[in-house]
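Nothing in this text is a laboratory measurement; each read-out follows from the coordinates by a stated rule. What you are looking at is a predicted structure, and each value in this text was computed from that prediction instead of being measured. Neighbour counts run over all protein chains shown; Cβ positions are idealised from the backbone, glycine included.
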Amino acid sequence: MKEIIKAFDRQPVVNIEGRKYIVNKLIDHEPETQYELLEDVVEELSNAINFDEANKIVGEEDRGGYIAALMSYKLKKSLALVKWNPPGLRGALCIDFRNSYTHGKMYLHGVKKGDKVILVEDIIDTGGTLIAMINLLRNAGIRILNIVAVAEKIGYGGLERVEKETGLKAKCLIRVDCKGKLSKVQN
């Protein structure tokens, strides 16, 4: 957990469209993402929840997709990534979404009715991306066994919103406060 805390604690917080954004080496690779951090993330996420019943890991391609890919590789599970750009392939699952920074459509291939999945995310703030992913999967008859994220941004209500709108609870490794110019990890 030491490397995860270092990656999120006392990091620059910038304002993007009225939202506080934490610049860090896990999500933005600023500074570069070192293998010790990746090792810590994979180990901690692996221990946070039970992945045994899942046949697939699902993540969101934009920033945290590589985390879902690392988990898929480590746990020997198939991988499917939700994308923001239309792949142009037939049969794509599609849903509208809105998160803190943008909105549009999400697309997904690589899942089928009856799959049992774990959703893996990098960070949860308002919960908008996660709620759209949950709805997309449920609309396709996919069973979501669990949701795990590296971090939760405190004060955005994302975890509560996800639970209220979907009935699912997400597990986060750390909680991050971004009120000031530098982030602060709270455990």
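Using θ = phi - 60° in the Karplus curve 6.51 cos²θ - 1.76 cosθ + 1.60, the 3J(HN,Hα) couplings for the range 143-153 round to 8, 8, 7, 6, 10, 9, 9, 5, 9, 10, 7 Hz; x is entered for Gly and Pro.
Working note: 222 nm ellipticity from helices only, DSSP H runs with n ≥ 4, each -39,500 (n - 2.57), summed and divided by the residues of the chain, gives -8500 deg cm²/dmol to the nearest 500.
Could you list, in their original order, any pairs among LYS83/LYS169; LYS74/LYS112; LYS20/LYS181; LYS77/LYS105; LYS56/LYS153 whose Cα atoms are separated by more than 20 Å? As for pairs spanning more than 20 Å Cα to Cα, those are LYS83/LYS169; LYS74/LYS112; LYS77/LYS105; LYS56/LYS153. Any idea what the relative contact order of the chain is, in percent, if you count C-alpha pairs under 8 Å spaced at least 6 apart? That works out to 22 percent. The dipole here belongs to the chain: it is taken about the Cα centre, uses +1 on the Cβ of Lys and Arg and -1 on the Cβ of Asp and Glu, and is about 540 debye. Annotation: amide H-H contacts under 5 Å for VAL176 (H modelled 1.01 Å from N, sequence separation of 5 or more, or interchain): GLU152, LYS153, ILE154, GLN186. Across the range 48-100, C-alpha contacts under 8 Å between residues 6 or more apart give a mean separation that, scaled by the residue count, equals a relative contact order of 34 percent. Counted over the chain, the DSSP beta bridges are approximately 40% antiparallel. Under the criterion of Cα pairs below 8 Å and six or more residues apart, the relative contact order for the range 1-82 equals 23 percent. If you take the Cα centroid of the range 30-60 and the Cα centroid of the range 132-187, the two points sit 15 Å apart.
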